[in-house]
Amino acid sequence: MKLNRGLWCGLMLGSLGLMGCGSLGSAPTPAAGDLLGAPATLNLGGQVLRLTANPQLSQEMNRFRVRVAVKASGPATRAAAPATLKVTGLYVVTPSGLWQSPQLNDVSQARNCLASICAQGSGGASGFAAGDDVRVIAQLKDASGRTYWLRDAQSRNVVAQPLVR
């Protein structure tokens with residue numbers, strides 16, 4: 001019986017320790033390697049979605065900004081793309097590490113958004129330099145709460161914004 005009691009006590013203490021680890025306030029930030037493995041196309045409802053990115057650096061303000069557009073393939077129109085998708089995170093894999101956008105804006109309704117979904121992320125420019133080769137990955141969520149990852153098929157060069165005078 002001693003062995004069974006010791007085993008029981010061990011299981012109880014172990015389960016109490018696991019209960020404290022069972023929930024997180026938010027999902028952990030994915031690793032750069034995981035993000036680079038995200039698909040470059042996403043087939044939802046018979047439409048193939050692709051991401052294009054435009055990373056920019058404003059050196060005078062020490063800010064980095066990346067605009068992304070998710071476009072549906074084929075003869076689909078803007079309205080035909082999955083309207084329930086929203087960009088919920090933007091990640092940039094840089095030569096010096098991983099950047100996650102601290103500020104995210106849905107700009108799908110902007111006049112210059114010719115895609116089905118447009119978003120812009122911005123934040124501090126620490127770790128970025130004009131001409132850096134980066135990879136941009138978006139986290140998308142649908143109305144049901146399912147999460148999808150979509151990566152720009154091409155690496156992009158960080159473009160320096162012209163000085164504003």
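The values are calculated or read from the model by the stated rules, or taken from the named source; none is laboratory data. Quick caveat: nothing in here was measured; it's all calculated off a predicted structure. In this analysis, Cβ positions are derived from the backbone assuming ideal geometry, glycine residues included, and neighbour counts consider all displayed protein chains. Side chains included, ligands, DNA and RNA excluded: accessible areas come from the protein's heavy atoms. Shrake-Rupley method; radii C 1.70, N 1.55, O 1.52, S 1.80 Å.
Among the residues making up the range 122-145, those that are under 17 Å from LEU35 (Cα atoms) and out of contact with any Gly (no Cβ under 6 Å at 6 or more places or on another chain) are ASP133, VAL134, ARG135, VAL136, ILE137, ALA138, LEU140, LYS141. Sub-8 Å Cβ pairs linking a first residue in the range 24-38 that is modelled with pLDDT of 75 or more to a second residue that is of a type in the set (Lys, Arg) and surrounded by 10 or more Cβ atoms within 10 Å (Cβ to Cβ), at least 6 apart or interchain, are LEU35/ARG135; LEU35/ARG151; LEU36/ARG135; LEU36/ARG151; ALA38/ARG151, ordered by first then second residue.
Evaluating LEU163 against the criteria (1) modelled with pLDDT of 90 or more; (2) out of contact with any helix residue (DSSP H, G or I) (no Cβ under 6 Å at 6 or more places or on another chain); (3) of a type outside the set (Lys, Arg) leaves one unmet condition, (1).
Within the range 96-126, the set of residues being open to solvent by less than 80 Å² (accessible area, probe 1.4 Å) and touching a helix residue (DSSP H, G or I) at 6+ places or on another chain (Cβ under 8 Å) comprises GLY97, LEU98, ALA115, SER116. Residues that are open to solvent by less than 20 Å² (accessible area, probe 1.4 Å) and either of a type in the set (Gly, Ala, Ser) or over 12 Å from VAL70 (Cβ atoms) (or both) within the range 138-163 comprise ALA138, VAL158, listed in sequence order.
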